[in-house]
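The values are calculated or read from the model by the stated rules, or taken from the named source; none is laboratory data. Keep in mind the model is a prediction, meaning the values are calculated, not measured. In this analysis, Cβ positions are derived from the backbone assuming ideal geometry, glycine residues included, and neighbour counts consider all displayed protein chains.
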Amino acid sequence: MSAITTIPQLVAAGLADAADAPALEQVARDFRVLVSPAMQGAMAATGVARQFLPDARELIQRPEDMRDPIGDRAHEPVPGLTHRYPDRAILHLTQTCAVYCRFCFRRETVGDAGTLPDAALEAVFAHLSATPAIREVILTGGDPMVLSPRRLGTVIARLAALGTLDAIRIHSRVPVVAPERITPAMVAALQVDIPVWLVIHTNHADELTAEARGALARLADAGLPLLSQTVLLKGVNDAPQTLETLFRALYRLRVKPYYLHHCDLARGAGHFRTTIAEGQAIMAALRGRLSGAALPTYVLDIPGGHGKVPIGPGYLHHDDEAWVVTDPQGRHHRYHDPGFSNPA
């Protein structure tokens, strides 16, 4: 089975209706289509199909939609590097992915330019060498794990050799959507003298095929610390039970749920967005059902590149005498804080 990249291929595979093809062709002109073989095999699950199959609703432009919702370009000291936080920087090694998600906040650029050219990469390393305040480099793209183990390993080794980093982080969908790429050579490329943290992007338990679980086991067995990130998506995972099933599955696979992202203001992705209040209610329900170690932080990436902030439900408010704490069952309890003064 080969990857699907065109609307006729989707129709031939029975994943799109021929009557919808004209509208989907317009979607594909605006936003690329790519479905990996592994995810084609999981398409029977609605929560998987909606993430990867083009939808005519992507043609709807909303006033709040943005071409660069998290401000990559606004915080780019040299091409290929985003520096939004004092101690962290994002290195865009490639604009290619193993799948193209229909809600991606970088959907305007993925697939455009391929791999970062060597000259640009040298400029990135020069900037990192001159900026020792950067203590962590996050490899993203696109998806850095679509690169060959040799290419990725070379970059990781050079980052480790800078001598100024505490850790390297890689954000990737590959272990789930293209698990065959997690070979011994790929695992070896991630093993250097400083920690390499791997953040797995997955949004629904039905993505965790037997092959994906095997890939995650190979990474965990190699001693690589694994985190996950999930996007809250209407019609995909916007129910406490759905997310609980995903987070429990990840926890069993030795992957710590890290972030639940509120869906970004990407152009043409409005039909995926819940309200923040809906997300907070889901998180409140999960708080009473999951171990804290299996519970991610619900975050909003502030549009314009101003950083991520937690936006989970509030459990504290105050009256004139004490804090009032809400427990996971919704009951209220007074807490007398020594030295309390009314914050108002």
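So, of the residues in the range 51-67 that are hydrophobic (A, V, I, L, M, F, W, C) and farther than 23 Å from residue 206 by Cα, which turns out to be modelled with the highest pLDDT? Before the answer, list the steps.
The initial filter retains those residues of the range 51-67 that are hydrophobic (A, V, I, L, M, F, W, C), namely 52-53, 56, 59-60, 66.
If we keep only those that are farther than 23 Å from residue 206 by Cα too, we end up with 56, 59-60, 66.
Values: 56: 96, 59: 93, 60: 92, 66: 81.
For the range 51-67, the residue satisfying everything is 56.
Mind checking which residues of the range 272-326 are over 23 Å from residue 199 (Cα atoms), touching a residue at least 24 places away in the same chain (Cβ under 8 Å) and among the acidic types (Asp, Glu)?
The one that is over 23 Å from residue 199 (Cα atoms), touching a residue at least 24 places away in the same chain (Cβ under 8 Å) and among the acidic types (Asp, Glu): 278.
Right, residue 107: closer than 29 Å to residue 274 by Cβ, assigned by TED's automatic domain parsing to the domain that holds residue 161, in contact with a strand residue (DSSP E or B) (Cβ under 7 Å, 6 or more places away or on another chain) and part of a loop (DSSP other than H, G, I, E, B) or not?
When the stated conditions are applied, residue 107 passes them.
Would you check if there is a residue in the range 200-207 being under 23 Å from residue 85 (Cβ atoms) and either modelled with pLDDT of 95 or more or touching a His at 6+ places or on another chain (Cβ under 9 Å) (or both)? Working first, answer last.
At the first step, the residues of the range 200-207 found to be under 23 Å from residue 85 (Cβ atoms) are 200-201.
Checking which are either modelled with pLDDT of 95 or more or touching a His at 6+ places or on another chain (Cβ under 9 Å) (or both) leaves us with 200-201.
Scanning the range 200-207, I find at least one residue that is under 23 Å from residue 85 (Cβ atoms) and either modelled with pLDDT of 95 or more or touching a His at 6+ places or on another chain (Cβ under 9 Å) (or both), so the answer is yes.
Filtering the range 164-221 down to residues that are part of a loop (DSSP other than H, G, I, E, B) and touching a residue at least 40 places away in the same chain (Cβ under 8 Å), which residue is farthest from the chain's Cα centre (by Cα)?
Ranking the candidates gives 209 first.
Looking for whichever is surrounded by fewer than 22 Cβ atoms within 10 Å (Cβ to Cβ), hydrophobic (A, V, I, L, M, F, W, C) and in contact with a helix residue (DSSP H, G or I) (Cβ under 8 Å, 6 or more places away or on another chain) here; the options are 59, 93. Which one fits?
Details: 93 fails: surrounded by fewer than 22 Cβ atoms within 10 Å (Cβ to Cβ).
Within the list 59, 93, the selection yields 59.
Could you please let me know if residue 324 is among the β-branched types (Val, Ile, Thr), at pLDDT 90 or above and in the same structural domain as residue 76 (by TED's automatic domain parsing)? Before the answer, list the steps.
Working: among the β-branched types (Val, Ile, Thr): yes; at pLDDT 90 or above: yes; in the same structural domain as residue 76 (by TED's automatic domain parsing): no.
Here the answer is no, as residue 324 does not meet what is asked.
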